[in-house]
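Before any comments, here is the structure.
What follows is calculated from the coordinates using simple rules that are stated; it is not laboratory data. Values in this document were obtained by computation on a predicted structure and should not be read as measured data. Positions of Cβ are generated from backbone atoms using ideal geometry, with glycine treated the same way; all protein chains shown enter the neighbour counts.
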Ligand SMILES: [Zn+2]
């Protein structure tokens, strides 16, 4: 089925008021493959304020709009034609800095009227993400999607269905921006649709799906001897199986006699027994073992850290984690080698050898040219040293720091740990517990380079010293997790550069005094310690010879070669994006092949290679390219690309680029769409791209790309790093959060299922309702002012709305349906999240509703971002202008 949403508008100019009067007609055309069409015509009208930034708009004389005359002549006194002299890139009113004044940025409590568009569009009539997700569920839920060579568009990431690998890596691992590449260079450029793939190499298959098969290195049929691509169904057999053709380098390779098997109709007879011949994803276990991963703990014991009074609690928590690590049956990690250091402005190392009667402390005073005094005893298996580590941890709270002691930088333990990792030739995790104020390392060595460099630094770029230290960590497979316990002053250094560039993370706590913060720390620490990771990872990308890799985007240090990415560590959530560009025309019969090879070592030291391959069709028809492109995949691709480019490109240019690309894309689709016999004033969206405008608008106005008046720089840095490595499902819900109504009346009502979400606009929130709003980084409970007292009693154990307090809460444990089912739902959401999500209650009309407004992405945002309706209107006007 093919669905077009068509938006017509008719307008006339009122010179006395400088207003355009616009009539909108929404026409929804649903056509099947047999070209049967059903159309709905929906009308509304409204007033369009002339955007002040576009002067040529306001002063142009009314002109007739030829294409509209046959429709509008009877209805409007004067027709309007978009002025051909208008600049092609239209400055969106709300994106103009002049318009980010306090009058435009509404900080007042939300009014729960239907959110109105500046131009009178009814938001409820616009294409809806909720509807798109629902339709995909109806089509695919509970069914099997077969992922085979040149297969079609897969189900959405939010739909629960079984994905079966029959020669192409499933969409769990690879999602492409389109499932039909344009054959030639010119069409690809004309389409403005990026050709790319997001890869999620260690994704965990859903229950009921086959896990990635592992084969021994010696048993695998070897891949291409010329370019190094691995064996996969994308390599085709010739001469009865004596040779195979490699699409990545366009060469033939001979099969050694030891692994020869005959072919039957181009398929090897041992196809079913060999995953490398039949599957899109498999893993090779290498014979060589490397050293197992280690765990190094670094605790800040400077005078200011001692003054916070948190050290005792931190050390207690570490002790109990180590105890659990050693005691967990089945996941016995007692062989895990552990190291411990404390630091102020110096580094204190501990010899944890069990042979010593008490641990020896060694102090490194020269932190500039750091050398390890000894190696022995610095890393000891947990089972042999737990009691010694515990003893040190117990004593830490009683250390007597020198009162004049300067506190050390949070990067100091990283330098020391890298030395330990290098000396032991092992990868691993470094956990830093930093309590003193954050400092930026003085960068004497590189300062001259900085001043001589003409490259502009963006706020997202870390200091050169952090980047070079992060590179050392990457080479050594050292994954840094930093826990910060000092209240961060606005404008101070941000300690997240190294952790996020090494596959780790940064978690900040205001204070560990409250029980909720202590619980959060416990959960975060537990996740960091237990998270299974792939260390010393190298990702190599191959693409058909006719194309090249033109960009790689994600949370890593990009090297000069886009086809190779090195990472200190990655976990099962890490996702990257790659962009491809034509060298020459593709071969329509062969299609395009893409292969990702991830080499890594496991925490126990096994060397593995995971290979994901897909073969996609290509077509001379651009319509095929558009029709096999999905909004959520494009969103994820653009998000990774824009958030990575934010390191060196001004944000305004990125926002404009996004708008221009999507405008050009829609204009191109319209030009090639066979149904263009319809009115020239229509905006036509391809079937699977209906949700694209709302997603792109949400990305454009995200806090990372559009700084608001209240957003802190550090918050934005943190958000960028967290979002840039998200997979498709999480990216989609980050930019279009789920809003689920909770049952408010009667005790027998069923809990609405996840499918019952409502649109992300204030008008979806009923004053008499309760809503759970969630995305990967936030979990809110909105309470309307007219919720029945009985419902409040069931959920909060109080029947008065006024006695509720907004802010982080834990729901009381009450034995009734609403309370039990709500707590269950919250628990399951928290367990899936990549960060510890704490429930925040937001009362209607309360000042903290601003945190909710950021999530209502269809409305105007508190940071000045445009509403969905307004953005769609401008896409329509601008793409139309490109066509006439
Ligand atoms: Zn090759």
Subject >> Inter-part distance where the stretch 363-403 and the stretch 818-884 are each reduced to a Cα centre, Å >> reply: 46
Original post:
What ranking do 349-358, 767-776 get when scored by the average of other Cβ atoms within 10 Å per residue, highest first?
Top reply: 767-776, 349-358
Original post:
What is the gain in length, in nm to one decimal, between residue 334 and residue 270 on full extension, counting 0.36 nm per residue of separation less the C-alpha to C-alpha distance?
Top reply: 18.9 nm
**OP:** Give the span of the stretch 737-853's Cα atoms along each principal axis, as three whole-Å numbers ordered largest to smallest.
**Re:** 34, 29, 24
Original post:
Using the per-residue mean of other Cβ atoms lying within 10 Å as a proxy for protection, in what order, highest first, do the peptides 201-207, 161-167 fall?
Top reply: 161-167, 201-207
Original post:
Could the peptides 183-191, 864-872 be put in order, highest first, of the mean number of other beta-carbon atoms found within 10 Å of their residues?
Top reply: 864-872, 183-191
Subject >> P(r) tail fraction, the stretch 283-386 - alpha-carbon pairs more than 18 Å apart, % >> reply: 59
Subject >> the stretch 214-278, relative contact order [Cα under 8 Å, separation at least 6], % >> reply: 29
Original post:
Taking the C-alpha atoms of the stretch 601-709, how large are the radius of gyration and the largest Cα-Cα span, Dmax, in Å?
Top reply: 18.4, 64
Subject >> Distance between the stretch 561-627 and the stretch 201-232 - C-alpha centres, whole angstrom >> reply: 13
Original post:
Quick one: length gained pulling residue 358 to residue 250 fully straight, 0.36 nm per residue minus the C-alpha distance?
Top reply: 32.5 nm
Original post:
Across every pair of different alpha-carbon atoms, what Kirkwood hydrodynamic radius in Å does the stretch 214-278 reach?
Top reply: 11.8
Subject >> Mean projected area (nm²) of the alpha-carbon convex hull when the stretch 482-635 is viewed from all directions >> reply: 12.9
Original post:
Just how far, in whole angstrom, is the stretch 142-160 from the stretch 688-748 if you go by their alpha carbon centroids?
Top reply: 25
Subject >> Full-stretch length increase - residue 367, residue 713 - with 0.36 nm per residue and alpha-carbon distance subtracted >> reply: 121.6 nm
